[in-house]
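Trainee: Below is a structure I'd like to ask you about.
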Amino acid sequence: MSRQLYDALAAKARAMYGKHTHREDLERIARMEKIGLVLDQLRQMPAWAESAALLEEETLLTRGRLEQALRAQVRREGLRLLSFVPQQDREVMEFPVLRMELERILAALRRLHASMFKEVDPLPREYITHSKVDFEGLRQCRDFDGLADAAAGSIYGPALHRLRGSLPDYGTTEVLLWSVYYRHLLNLVRRRYAGDTKRVLEQTIGAQADMLNIMHILRMKRFFPEVDNYLPVLLPYHYKVGPEQVHAMCQAKSVDGVLELIDQTPYAATFRDVKAEDWNNRYAAMLYRFSRRQLRMGPPSIYSAVAYMNLRELELKAVVSAVESAKYRRPLDASLCEILDP
């Protein structure tokens, strides 16, 4: 019975991915001269026609409102896919909700640091139902204790509770919360899964942690070369880049020294001959290719759904960047297009 459920889940995810965004779509969006023309283009793209249709009647359409609509569509797709997920896998498929909780907590923390209220886009009712965060409390909090109270029921609650009493450093708190996120997912995978499914899930989570650590080290070497304590910005996880390699990167004298060490890791090709401003896009392209390969050719499993959500989140990032190119009349970043390259 489980095999049939996974077959159905994979078939649904592959069918939904059949409408995916192409590189040529990004190039057309980037050439548009008005936000209304961007909307016209999105209406013609099966991947985003749903959200574009919902915006047709709006008289004042901004880039921010357009991005909200696209993001809301991706969230709705995740909820639709959830109905195909076997009951025993539901907890793993909550990762988009956990990421959304993390994003909202960090947005509230940025607001507290800036002492400025900023409205955030509304969340689908179903996301609020699945979440353990008090989003209204998060939106209205005026100090860090209020933020911690609003997130108390979530996986981030204990970590935030330990920081109560004053406004903590944003960068350190961000790394701490991402550590909670990855630890939760890895522990869940190791408890619930075995065989190929466990291997693939650990691979995608572990590779993301490795890559984030590498990029944190590169940014520190580039922008804060005088800093010698890297622990506050590094995730305490190692997949294919061991502690000794991470320590050596931290001790390197320059960005070039770090890149030489990266060349000895499985991520060498991702960073080879890449400009610093393109590091994020190369990381995204690596995750996109891995997720697409597993969705298309991997055996049906819960990762079929995880891969689809990874792909849509990365497509969303690429489309939003293309809209920014159109708005500011700048050429589309070539490394951005690599994300959706075959």
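Trainee: Select from the range 4-59 those GluC sites (Glu not before Pro) which occupy a DSSP coil region and have at most 10 other Cβ atoms within 10 Å, ordered by residue number.
Mentor: GLU33, GLU56, GLU57
Trainee: Right, next: Considering only the other residues whose Cβ falls under 15 Å of the Cβ of MET220, what net charge follows from Lys and Arg at +1 and Asp and Glu at -1?
Mentor: Result for the local shell: -1.
Trainee: For the range 171-259, list log₁₀ I(q)/I(0) at each q in 0.11, 0.17 Å⁻¹, using the Debye formula over Cα point scatterers of equal strength and ignoring solvent, two decimals each.
Mentor: Each listed q corresponds, in turn, to -0.34, -0.72.
Trainee: Cross-link candidates for LYS198: which lysines have Cα within less than 25 Å, leaving aside residues fewer than 8 places away along the same chain?
Mentor: Counting by Cα, and skipping residues close in sequence, LYS198 has these lysines nearby: LYS12, LYS240.
Trainee: Can you quote the Å³ per residue value for the convex hull of the Cα atoms in the range 241-303, rounded to an integer?
Mentor: So the per-residue hull volume is 109 Å³.
Trainee: While we're looking at this one, here's another question. Return an integer: the convex hull volume of the alpha-carbon atoms of the chain, in Å³ per residue.
Mentor: 152 Å³
Trainee: Same structure again: Would you tally the net charge around SER166, using a Cβ to Cβ cut-off of less than 11 Å, leaving SER166 out, and scoring K and R as +1, D and E as -1?
Mentor: -2
Trainee: Calculate, in nm to one decimal, what TYR328 and ARG162 gain on full extension: separation in residues at 0.36 nm each, minus their alpha carbon distance.
Mentor: Once the chain is fully extended between TYR328 and ARG162, it gains 55.5 nm.
Trainee: Take the Cβ-Cβ distance between GLU56 and GLN88 as r, set R0 to 51 Å, and report the resulting FRET efficiency rounded to the nearest 0.05.
Mentor: Taking R0 as 51 Å, the efficiency between GLU56 and GLN88 is 0.80.
Trainee: Calculate, in nm to one decimal, what GLN264 and MET297 gain on full extension: separation in residues at 0.36 nm each, minus their alpha carbon distance.
Mentor: 9.0 nm
Trainee: In a shell of Cβ-Cβ distance under 12 Å around GLU313, excluding GLU313 itself, what net charge do Lys and Arg (+1) and Asp and Glu (-1) give?
Mentor: Residues near GLU313 contribute +2 overall.
Trainee: Okay, moving on. Could you work out which residue, out of LYS275, LYS317, LYS34, moves most in a Gaussian network model of the chain, that is, has the largest mean-square fluctuation with Cα springs under 10 Å?
Mentor: Per the Cα network of the chain with a 10 Å cutoff, LYS275 tops the list.
Trainee: Leaving out same-chain residues fewer than 8 places away, which lysines sit with a Cα under 20 Å from that of LYS221?
Mentor: Straight-line reach from LYS221, under 20 Å: LYS253, LYS275.
Trainee: Given a 1.4 Å probe, how much area per residue of the range 5-140 is accessible, in Å²?
Mentor: Heavy-atom accessible area per residue stands at 51 Å².
Trainee: Let me ask you something else. List the lysines whose Cα sits under 17 Å from the Cα of LYS19, skipping any in the same chain fewer than 8 residues away.
Mentor: Cα-Cα hits under 17 Å: LYS317.
Trainee: DSSP loop GluC sites (Glu not before Pro) in the range 143-241 with at most 11 other Cβ atoms within 10 Å of their Cβ, which ones?
Mentor: When the GluC sites (Glu not before Pro) of the range 143-241 are filtered for loop state and at most 11 Cβ neighbours within 10 Å, GLU226 remain.
Trainee: Counting only protein heavy atoms, what percent of the accessible surface of the chain is carbon or sulfur at a 1.4 Å probe?
Mentor: Using a 1.4 Å probe with all protein chains present, the chain comes out at 52 percent carbon and sulfur.
Trainee: Need the C-alpha centroid separation for the range 154-178 versus the range 28-105, integer Å.
Mentor: One Cα centre to the other: 29 Å.
The values are calculated or read from the model by the stated rules, or taken from the named source; none is laboratory data. Since we're looking at a predicted model, the values are computed, not measured. Glycine gets a Cβ as well: all are built from the backbone with ideal geometry, and neighbour counts include every protein chain shown. Note: accessible area is taken over every heavy atom of the protein model, side chains too, but ligands, DNA and RNA are not part of it. Shrake-Rupley method; radii C 1.70, N 1.55, O 1.52, S 1.80 Å.
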